[in-house]
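Input: a single structure, listed below in structure tokens.
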Amino acid sequence: MEYVFELDVSGKVEDVVETLLQLHRASCLDKLGDQTAMITAILQSRLARTSFDKNRFQSVSEKLHMECKAEMVTPLVTNPGHVCITDTNLYFQPLNGYPKPVVQITLQDVRRIYKRRHGLMPLGLEVFCTEDDLCSDIYLKFYDPQDRDDLYFYIATYLEHHVAERTAESYTLQWQRGHLSNYQYLLHLNNLADRSCNDLSQYPVFPWIISDYCSSELDLSNPGTFRDLSKPLGALNKERLERLLTRYQEMPEPKFMYGSHYSSPGYVLFYLVRIAPEYMLCLQNGRFDNADRMFNSIAETWKNCLDGATDFKELIPEFYGDDVSFLVNSLKLDLGKRQGGQMVDDVELPPWAQSPEDFLQKSKDALESNYVSEHLHEWIDLIFGYKQKGSEAIGAHNVFHPLTYEGGIDLNSIEDPDEKVAMLTQILEFGQTPKQLFVTPHPRRITPKFKSLSQTSSHNASIADSPGEESFEDLTEESKTLAWNNIAKLQLHEQHKIHKEAITGIAVSCNGSSVFTTSQDSTLKMFSKQSKMLQRSISFSNMALSSCLLLPGDATVISSSWDNNVYFYSIAFGRRQDTLMGHDDAVSKICWHDNRLYSASWDSTVKVWSGVPAEMTGTKRHQFDVLAELEHDVGVDTISLNAASTLLVSGTKEGTVTIWDLTTATILHQVPCHSRTVCDTAFSPDSRHVLSTGEDGCLNVIDVQTGMLISSMTSDEPQRCFIWDGNTVLSGSQSGELLVWDLLGGKITERIQGHAGAVTCIWMNEQCSSIITGGEDRQIMFWKLQY
């Protein structure tokens with residue numbers, strides 16, 4: 001066959017013919033390794049003879065920062081050229097001027113950047129100018145890892161001043177609290193695990209969700225409609241799994257259960273052949289697959305993934321997107337004739353889908369359904385998490401060919417160039433397991449069990465709720481939400497200096513009229529908010545007091561002291577009522593709930609005492625009994641209870657946060673997440689998360705169910721105390737400022753001037769409308785929310 005080409009630019013024919021002849025000579029070499037080496041040499045010499053055309057700069061005043069050689073990556077094709085970065089723009093100039101003479105990205109528009117493995121090497125860099133889009137704005141592959149790292153560092157430093165860096169954990173917190181949809185969360189995890197739409201060997205992977213492709217109606221309230229997300233596809237069919245396991249047991253090392261992967265270039269193009277036929281033709285040497293093996297029907301494909309001997313493929317994001325074109329043969333491609341005689345055309349949809357649009361909408365609804373929200377973490381464990389490798393993977397029947405895992409083979413150790421090229425090709429075509437993002441069980445999503453409170457599904461909320469039926473609780477909840485939304489508008493109302501040393505504890509009577517404070521000056525003081533007068537000053541010993549609390553009924557104040565004791569003071573009788581000599585070193589913090597007192601001490605224990613009723617009578621001495629002793633390795637500085645008092649969290653002098661199950665007095669999780677002393681800890685109102693602050697300036701969020709550290713933020717000084725509602729934190733800092741933190745946005749949103757020294761304690765009333773802080777400046781400050 002003869003082909004005739006005509007060039008747009010005259011005078012270039014000689015160059016083109018010369019290049020074609022060189023490439024033809026390379027393609028005629030016997031060995032793959034030699035072919036690759038010759039093509040690389042031709043390319044590098046062309047790159048060396050050219051450089052970035054500075055006339056392409058957007059403005060004359062731009063300052064060049066660095067320039068290097070790189071390739072722009074698109075599926076199956078990489079396009080060589082020159083990368084250039086200035087103080088305002090990132091440019092790529094392809095050697096061949098395709099798809100345009102210069103690709104320009106304004107740094108100000110960049111939202112996310114990721115380092116990528118490309119062809120198993122740390123050479124890729126992908127840049128996104130959007131928060132949630134599937135596809136990036138440019139994917140570059142460098143020839144030298146150092147060039148890649150330098151460019152990444154330059155853009156990352158630029159972004160640091162503009163955009164918060166995102167880790168898997170910070171997305172986890174947003175997803176758990178319903179601020180990210182299941183779809184968005186999976187996209188972010190894919191991105192962080194090196195999956196990209198520009199790299200077919202590492203294309204984003206999404207799960208099969210629905211298992212019913214026969215019914216005429218799709219029932220999303222029936223668990224039977226869904227696939228079991230706790231198992232990989234290969235383990236869903238019991239009989240097939242038994243056959244595979246028998247083979248696995250008889251196999252010599254290295255063993256694997258599945259001979260093919262759940263994501264590979266072939267599978268991606270199987271789904272996308274109708275919109276990207278050129279990629280399949282490129283991958284299959286100019287031919288489409290056999291018509292019966294094409295993506296003909298959703299139900300057939302699902303059945304094959306369940307029953308086929310070698311078919312374990314998951315889905316791609318397009319199944320949960322908005323674009324139906326991959327399901328429709330709008331290009332009118334001749335994709336062949338099936339055995340029954342019918343032509344391959346549009347994809348056959350399940351009976352419950354009225355149209356391709358309806359199919360995608362129902363798939364999206366299924367992905368965001370309550371069932372999936374409650375079980376998606378199980379699939380994440382398999383694909384991105386702790387069940388991806390090792391003994392957990394074997395237990396979960398999740399073991400693939402060793403070549404599919406990161407680090408499964410060291411390409412640099414292969415001397416023979418032919419063998420190296422063949423091995424790389426095999427790995428890239430076979431499919432790759434995503435980078436492991438989590439090494440402990442993934443937390444589950446917090447799903448509203450009754451009425452949905454999230455904005456996304458508020459239209460599903462019961463219409464029968466008439467406004468007159470709102471309970472008092474609902475109003476309190478609403479006023480709390482309103483208060484926390486306006487927490488940055490805190491205004492200082494009044495301040496009083498009533499102690500001689502730092503304030504250590506604040507307790508307030510139910511009606512808000514009496515404020516009790518403890519201090520390192522060894523006194524407990526009672527202050528009247530109405531008369532703004534000090535009413536009492538009590539001293540139990542000459543040692544500092546460390547915290548105080550009021551028992552319900554407002555008749556007794558309990559104070560903890562550095563003299564190893566806990567003191568009970570009767571307000572009505574105006575005297576010390578009792579002393580609990582409970583520890584061998586200073587008592588650092590006390591909590592009370594339901595006739596039980598919890599005391600933390602520098603003697604490395606937290607003790608639980610029974611027989612501390614709300615109404616302590618002033619006549620006889622009490623019998624205090626130790627119910628439990630929670631042992632730590634070092635001194636305990638702070639403790640806090642969850643709302644139901646079933647859990648306790650403690651923070652130690654060495655930076656460890658421990659979550660205890662009080663029903664059994666055992667450790668649930670021990671998380672060494674601070675480098676110095678833990679200053680304060682508290683559960684979120686729903687008991688799902690624990691927040692801790694430390695002398696290292698860190699603010700850490702721990703998932704209570706799994707013990708995973710799901711968010712960590714730093715400030716340049718210790719945050720000594722805080723209150724929070726699960727999303728927003730108000731913390732008291734070493735410098736005396738009050739800081740407002742947006743945990744989901746990962747940033748400090750407000751700094752409020754407060755004390756002249758460190759803020760040492762903070763109290764908030766139940767309605768969240770009034771706040772009292774105490775500081776090293778010996779002041780107590782009364783704050784009001786003005787909105």
Ranked output for segments 549-555, 281-287 by mean other Cβ atoms within 10 Å, highest leading, reads 549-555, 281-287
Whole-Å distance linking the alpha carbon centroid of segment 302-363 with that of segment 247-270 is 24 Å
Phi angles of segment 6-15, converted by Karplus (6.51 cos²θ - 1.76 cosθ + 1.60, θ = phi - 60°) into ³J(HN,Hα) in whole Hz with x for Gly and Pro, give 10, 8, 6, 10, 6, x, 9, 4, 4, 4
For Lys31, the aspartates and glutamates lying under 19 Å Cα to Cα, once residues fewer than eight places off in the same chain are dropped, come out as Glu415, Asp416, Asp418, Glu419
Working note, segment 679-733: Cα radius of gyration (Å, one decimal) and Dmax (Å, whole number) are 10.4, 30
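Within the accessible area of the chain, what % is carbon and sulfur when the probe is 1.4 Å and the other protein chains stay in place?
Details: 18410 of 36450 Å².
Carbon with sulfur: 51 percent of the solvent-accessible area.
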Most packed first (mean Cβ within 10 Å per residue), the peptides 110-121, 521-532, 370-381 order as 370-381, 110-121, 521-532
Looking only at aspartates and glutamates whose Cα falls under 17 Å of Lys69's and that sit 8 or more positions away or on another chain, we get Asp53, Glu126, Asp144, Asp147, Asp149, Asp150
Projected convex hull area of segment 284-434, Cα atoms, direction-averaged, in nm², equals 12.5 nm²
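Is the shape of segment 70-117 best called rounded, prolate or oblate, per the rule: a/c under 1.5 gives rounded, else a/b larger than b/c gives prolate, else oblate, with a ≥ b ≥ c the square roots of the Cα gyration tensor eigenvalues? Don't jump to the answer; show the numbers that get you there.
Values: a/c = 2.11, a/b = 1.27, b/c = 1.66.
Judged from the Cα gyration tensor, segment 70-117 comes out oblate (a/c at least 1.5, b/c at or above a/b).
Across every pair of different alpha-carbon atoms, what Kirkwood hydrodynamic radius in Å does the chain reach?
On the way: mean 1/r = 0.0325 Å⁻¹.
Taking the inverse mean of 1/r over all distinct Cα pairs, the chain comes out at 30.8 Å.
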Scoring the chain by relative contact order with C-alpha pairs under 8 Å, at least six apart, yields a percentage of 8 percent
Given backbone amide H placed at 1.01 Å from N, residues whose amide H is under 5 Å from that of Leu123, ignoring those fewer than 5 places away on the same chain, are His118
Karplus-derived 3J(HN,Hα) from phi for segment 265-278 (6.51 cos²θ - 1.76 cosθ + 1.60, θ = phi - 60°), whole Hz, x at Gly and Pro, runs x, x, 5, 4, 6, 4, 6, 9, 4, 6, 10, 9, x, 4
The Cα extents of segment 146-202 along the principal axes, largest first and rounded to whole Å, are 37, 33, 14
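For segment 241-304, with every protein chain kept in place, what is the accessible area per residue (1.4 Å probe, Å²)? Mind dumping the intermediate values first?
Numbers: 3110 Å² over 64 residues.
Result: 49 Å² of accessible area for each residue.
Please work out how much length the chain gains when fully extended from Val17 to Ala422, using 0.36 nm per residue of separation minus the C-alpha to C-alpha distance, in nm with one decimal. Write down the numbers at each step before the final one.
Numbers: separation 405, 0.36 × 405 = 145.80 nm, distance 2.95 nm.
Going from the current span to full extension adds 142.9 nm.
Please give the FRET efficiency for Asp625 paired with Lys497, using the beta carbon to beta carbon distance and R0 = 45 Å, rounded to the nearest 0.05. Intermediate values should be presented prior to the final figure.
Values: r = 41 Å, r/R0 = 0.90.
Efficiency at R0 = 45 Å is approximately 0.65.
Quick one: length gained pulling Glu429 to Ile409 fully straight, 0.36 nm per residue minus the C-alpha distance?
Working: separation 20, 0.36 × 20 = 7.20 nm, distance 1.51 nm.
5.7 nm is the gain from fully extending Glu429 to Ile409.
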Amide H proximity to Ile210 below 5 Å, modelled H, separation 5+ or other chain, gives Arg227
Checking rank on 484-496, 703-715, with mean other Cβ inside 10 Å and highest first, the result is 703-715, 484-496
In segment 497-618, lysine pairs 8 or more places apart or on different chains with C-alpha atoms under 22 Å apart total 9
Fraction of alpha-carbon pairs in segment 493-633 farther than 23 Å apart, rounded to whole percent, equals 31 percent
Within segment 701-787, DSSP-loop GluC sites (Glu not before Pro) with at most 16 other C-beta atoms within 10 Å are Glu766
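The values are calculated or read from the model by the stated rules, or taken from the named source; none is laboratory data. These figures come from a predicted structure and were not determined experimentally. Cβ coordinates were reconstructed from backbone atoms using ideal geometry, including for glycine residues, and neighbour counts include every protein chain displayed. Just the protein is used for accessible areas: all its heavy atoms, side chains included, with ligands, DNA and RNA removed. Shrake-Rupley method; radii C 1.70, N 1.55, O 1.52, S 1.80 Å.
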